[in-house]
1. For the stretch 6-278, what relative contact order do you get, as a whole percent, if you take Cα pairs closer than 8 Å and at least 6 residues apart?
2. In what sequence do D227, D158 fall when counting other Cβ within 10 Å, fewest first?
3. Test of understanding: what is the full-extension gain from H96 to A237, defined as 0.36 nm times their sequence separation minus their Cα-Cα distance?
4. On a straight-distance basis, which aspartates and glutamates could pair with K63 in a cross-link, Cα separation under 16 angstrom, same-chain partners fewer than 8 positions away excluded?
5. Could you calculate the FRET efficiency of K265 with A15 from 1/(1 + (r/R0)^6), where r is the beta carbon distance between them and R0 is 35 Å, rounded to 0.05?
6. What residues from the stretch 68-87 fall in the zone where the backbone N is under 18 Å from a label point 7 Å along the Cα-to-C-beta line of L28?
7. Could you tell me which of the pairs K241/K283; K107/K165; K7/K265 are separated by over 27 angstrom between their Cα atoms in the structure shown?
8. Taking 0.36 nm per residue of sequence separation and subtracting the Cα-Cα distance, how much length would be gained by fully extending the chain between K184 and Y56, in nm to one decimal?
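Laboratory data are not the source of any read-out in this text; all were calculated from the coordinates shown. As the structure is a prediction and not an experimental result, all values here were calculated from the model. Cβ placement follows ideal geometry from the backbone for every residue including glycine, while neighbour counts extend to all protein chains displayed.
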Amino acid sequence: MLFVPNKLLLEKAMAEGYAVGAFNTNNLETTRAIVRAARELDSPLILATSEGAINYAGINNLKTMAEIAAQESGLPISLHLDHGTSLEIVMRCIRHGWSSVMYDGSKLPFEENVANTRQVVELAHLVGVSVEGELGRLVGVEDNISVTEREAAMTDPDQAQEFVKRTGVDALAVAIGNAHGFYKGEPQLDFIRLEQIRARVEVPLVLHGASGIPDEGIRRAVKIGVDKINIDTEVRAAFQKAVASFLAENPQVIDPRKILGPAIKAMSEVVKSKIELFGSVGKA
Ligand SMILES: [Zn+2]
């Protein structure tokens with residue numbers, strides 16, 4: 001297998017006390033920016049692709065771009081499905097060479113999430129592919145909910161223990177007040193809850209929606225024992241800003257390479273700063 005399963009990357013991270021960054025990509029520029037950053041810092045890497053990214057770029061394009069970048073880098077790189085919500089997309093990715101999949105049944109009732117995740121684990125493990133499950137709902141930044149509802153959406157430590165035991169997942173994504181997209185104000189992470197989950201669960205833990213969490217919060221989460229951290233929004237924002245400012249200054253330029261070139265550099269800088277923050281420099 002060309003790509004390295006998450007299980008191998010994350011167990012090393014867990015043993016050595018750092019986190020591996022999972023960065024979302026959906027095109028050539030982003031893929032190259034992410035891999036370039038990891039190569040400069042000699043870091044392991046997870047290239048994450050959502051269903052939306054697969055639909056946008058085409059599964060073969062996305063896979064081939066990742067494959068070439070991974071080969072050229074010589075780094076241990078995983079190609080990972082982010083938030084797969086059906087067995088169909090999971091199996092498509094496995095068939096096309098992904099080394100890791102997330103099955104996200106977090107919106108389903110607990111028993112259904114357990115049953116579906118268990119099924120994905122049984123199939124994926126037959127061919128050495130790692131599986132990430134999710135328990136607890138990530139509340140979107142746009143969701144207007146009360147404190148009680150916010151609490152109820154978070155991962156329950158006892159349930160997390162049961163979930164991991166019954167499903168056999170290789171990693172667990174937790175909801176501790178983290179959210180996708182940009183945060184309105186300071187994110188309030190429940191570190192006590194994270195410690196309780198860490199104490200009950202033996203597999204690596206995953207923090208989604210880490211864009212916008214202050215560095216201090218990330219360091220604390222890694223110290224408690226988060227081993228995989230997902231970043232998407234901040235990389236997108238760097239892309240948008242670089243393209244917008246280039247076009248504002250150079251409205252006459254029509255060459256896509258000139259327009260997108262500065263964005264590769266800007267995205268790469270964001271990824272590098274995250275890799276440094278997660279502590280995976282030199283861990284390839
Ligand atoms: Zn996510």
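1. 21 percent
2. In order of increasing Cβ crowding within 10 Å: D158, D227.
3. Using 0.36 nm per residue and subtracting the Cα-Cα distance, I get 47.8 nm.
4. Cα-Cα hits under 16 Å: E29, E51, E72, D82.
5. E(calc), rounded to 0.05, equals 0.55.
6. Label zone hits: 68-73.
7. Those over the limit are K241/K283; K7/K265.
8. 43.2 nm
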